[in-house]
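Written below as structure tokens is the structure these notes are about.
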Number of protein chains: 2
Amino acid sequence: MSKLLIVGTVAFDAIETPFGKTDKILGGAGTYIGLAAQKFGVNSAIVSVVGGDFPQKYIDIFHEKSINIDGLEVIQDGKTFFWSGRYHNDMNTRDTLDTQLNVLENFDPVVPDAFQDAEVVMLGNLHPAVQMGVINQVKQPKLIILDTMNFWMDHTLSELKEVIAKVDVITINDEEARQLSGEYSLVKAARAIEEMGPKYVVIKKGEHGALLFDKNEMFFAPALPLEEVFDPTGAGDTFAGGFAGYLAKTQDYSFANMKKAIIYGSNLASFCVEKFGTERMLNLEDQEIEERLKVFKSLTQFEIDLN
Amino acid sequence: MSKLLIVGTVAFDAIETPFGKTDKILGGAGTYIGLAAQKFGVNSAIVSVVGGDFPQKYIDIFHEKSINIDGLEVIQDGKTFFWSGRYHNDMNTRDTLDTQLNVLENFDPVVPDAFQDAEVVMLGNLHPAVQMGVINQVKQPKLIILDTMNFWMDHTLSELKEVIAKVDVITINDEEARQLSGEYSLVKAARAIEEMGPKYVVIKKGEHGALLFDKNEMFFAPALPLEEVFDPTGAGDTFAGGFAGYLAKTQDYSFANMKKAIIYGSNLASFCVEKFGTERMLNLEDQEIEERLKVFKSLTQFEIDLN
């Protein structure tokens, strides 16, 4: 069992979907990554920052789930990062209604002593300078996984490229892969991004699944077709957290094992979208995960004998 | 080995892509379906209509490929159906530049005597009245597969629904499935369409693959991620032709065998897009098909043991 170090936002989200709306609820990339990885029983820690308005009941959740939050800085006279968004009917597009960076604006991450030797590091979507700050505090990690988005490509590309050069795996969506590489074909895009540093490239296509590439191979995991998508918030981070958590648990960073890891990540993401916010992930039983893996198998596995 | 009866357009296409443009070349749904199915060595026939301008060299292609064209009516003083289109840079959207129905306008299909007992019938995208005309001429087929599109939903919905009620399998794209069913979720859409008649629903998602549903199960086949898509024309028909051809060859119409059939269909479609028009399909070797099936296997198959 490896240690898994996670850096990512811990936040308040307010979400509107065609099914309803929420007040400020627990959210953030770090939160979703942590809750997904916790399903594999790994020894994990979240490095993040919140304000004095962050309630004890949310702090308690991390303790209950045995997620180390020694690296969760609380700035008493500051306010927690807040995001508000509204999903359209198709659930694939959303409008951001409000973004208040608050304490995130001057976030200077401090990795707890006990996690400086983490084997797996998951850099959630954040300013590349924060991600680099974490990379600089860890000693000989076996695997660094980077999640990022187009905002950082638009505004901090050179800093982002320095981070990309130092990681083993990058996870981005299809449009971002095209933007970063200048290639329309995802096969060519993945190859171009590998040239920037990462040995493995994971391209997330939302409801259309995810692709995993290394220099020689590719693998595809579909998203599970669902009767109802209730709230897509956190699905990508849950996918990344499941991926990182499975790899940390198994301590096998081969392509063959990463194939399993993205199946586990897709599996967990399929639960995340079934309720608002973190609700489904907080109440997810191991038996449900196992049952749905059977659905994933029957969805994708076939018997064709070749010569 | 079953007989496979195909009804579909045999046409001239003029295609523009970012890679170049063609003069009038051989095209049409019936042509692509026939060429794909022929890869399985089935005894197939195309029912269609062309004009006096249809050249002998294209007629010869069908003979060379052992595709029966006794049901290909030639109207000497008429002109062959013509379609012209331009693909955008992303290859997922296209503008139709010209459509000339010509001899197709009054097409009254006649199924050759030798194919009235065909076990598998593939109804390519055409006016529902033409499709029904073919259904009425076949005796006890084992499997009828219907391909259609939004145009017929917009203009001839009640006729289309009569055809849908009589077929075993329907293949449509995701937007068409939503339009036909009024359901956004593809899982719900498939269920609603099954209520209209077909036991099996195949939802084509282009570069995002294809889903197969029956009442209890679902299966997903990805499209092969390619370095370059040269010309998408005919990919959907090639997919359908591969699907129908494999089923006709194996004479097994179970869900388990349909899973293999959509993998074979996806595999053939991945070749079709590599060159303009039918060029790649005309020169495709069995060994290449087999090699690429290995890529499909490594793309999708994983080992996770479940309790």
(message) Give all pairs with beta carbons closer than 6 Å in which a residue from the range A:175-197 that is away from every other protein chain (no Cβ under 12 Å) meets a residue that is among the polar types (S, T, N, Q); count only pairs at least 6 apart in sequence or on separate chains.
(response) A:Glu176/A:Asn150; A:Gln179/A:Asn150; A:Ile193/A:Ser181
(request) Select from the range B:34-49 the residues that are outside any helix (DSSP H, G or I) and touching a strand residue (DSSP E or B) at 6+ places or on another chain (Cβ under 6 Å) and list them in ascending order. (result) B:Val42, B:Asn43, B:Ser44, B:Ala45, B:Ile46, B:Val47, B:Ser48, B:Val49
(request) Quick one: which residue in B:Ile59, B:Ile46, B:Ile33, B:Ile69 is over 24 Å from B:Gln137 (Cα atoms) and away from every other protein chain (no Cβ under 14 Å)? (result) B:Ile59
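From B:Leu143, B:Leu160, grab the single residue that is at pLDDT 95 or above and under 16 Å from the mean Cα position of the chain (by Cα).
Criteria check complete, one pass: B:Leu143.
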(request) Determine which single condition B:Leu211 fails, assuming it passes every other condition in (1) crowded, with 20+ Cβ neighbours inside 10 Å; (2) away from chain A (no Cβ under 13 Å). (result) (2)
(message) I want to confirm something. Restricting to the range B:281-307 and keeping residues that are aliphatic (A, V, I, L, M) and surrounded by 10 or more Cβ atoms within 10 Å (Cβ to Cβ), which single residue is farthest from the other protein chains (Cβ to nearest Cβ)?
(response) B:Leu282
(request) Determine whether B:Leu268 is out of contact with any Lys or Arg (no Cβ under 6 Å at 6 or more places or on another chain), away from every other protein chain (no Cβ under 14 Å), closer than 20 Å to B:Thr31 by Cβ and not β-branched (Val, Ile, Thr). (result) no
(message) If I ask for residues that are in a helix (DSSP H, G or I) and out of contact with any strand residue (DSSP E or B) (no Cβ under 9 Å at 6 or more places or on another chain), which ones from the range A:291-307 would you list?
(response) A:Glu291, A:Arg292, A:Leu293, A:Lys294, A:Lys297
(request) Could you list, in sequence order, all residues of the range A:235-255 that are of a type outside the set (D, E, K, R) and open to solvent by 10 Å² or more (accessible area, probe 1.4 Å)? (result) A:Ala235, A:Gly236, A:Phe239, A:Tyr246, A:Thr250, A:Gln251, A:Tyr253, A:Ser254, A:Phe255
(request) Would you check if there is a residue in the range A:147-161 being β-branched (Val, Ile, Thr), closer than 23 Å to A:Ile46 by Cα and surrounded by 16 or more Cβ atoms within 10 Å (Cβ to Cβ)? (result) yes
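Quick check: is even one residue across the range A:117-129 under 30 Å from A:Leu226 (Cα atoms), within 19 Å of the chain's Cα centre (by Cα) and either among the basic types (Lys, Arg) or at pLDDT below 95 (or both)?
Among the residues of the range A:117-129, not one is under 30 Å from A:Leu226 (Cα atoms), within 19 Å of the chain's Cα centre (by Cα) and either among the basic types (Lys, Arg) or at pLDDT below 95 (or both), which makes the answer no.
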(request) Name every residue in the range B:143-174 that is within 14 Å of another protein chain (Cβ to nearest Cβ) and of a type in the set (Lys, Arg), in order of residue number. (result) none
(request) Mind listing whichever residues of the range A:226-239 are in contact (Cβ under 8 Å) with a residue 12 or more places away in the chain and touching a helix residue (DSSP H, G or I) at 6+ places or on another chain (Cβ under 6 Å)? (result) A:Gly234, A:Ala235, A:Asp237, A:Thr238, A:Phe239
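The values are calculated or read from the model by the stated rules, or taken from the named source; none is laboratory data. Computed from a predicted model, the values in this text were never measured in an experiment. A quick note on method: Cβ atoms are made from the backbone with ideal geometry, for glycine too, and the neighbour counts reach across all protein chains shown. Only protein heavy atoms, including side chains, enter the accessible area calculation; ligands, DNA and RNA are left aside. Shrake-Rupley method; radii C 1.70, N 1.55, O 1.52, S 1.80 Å.
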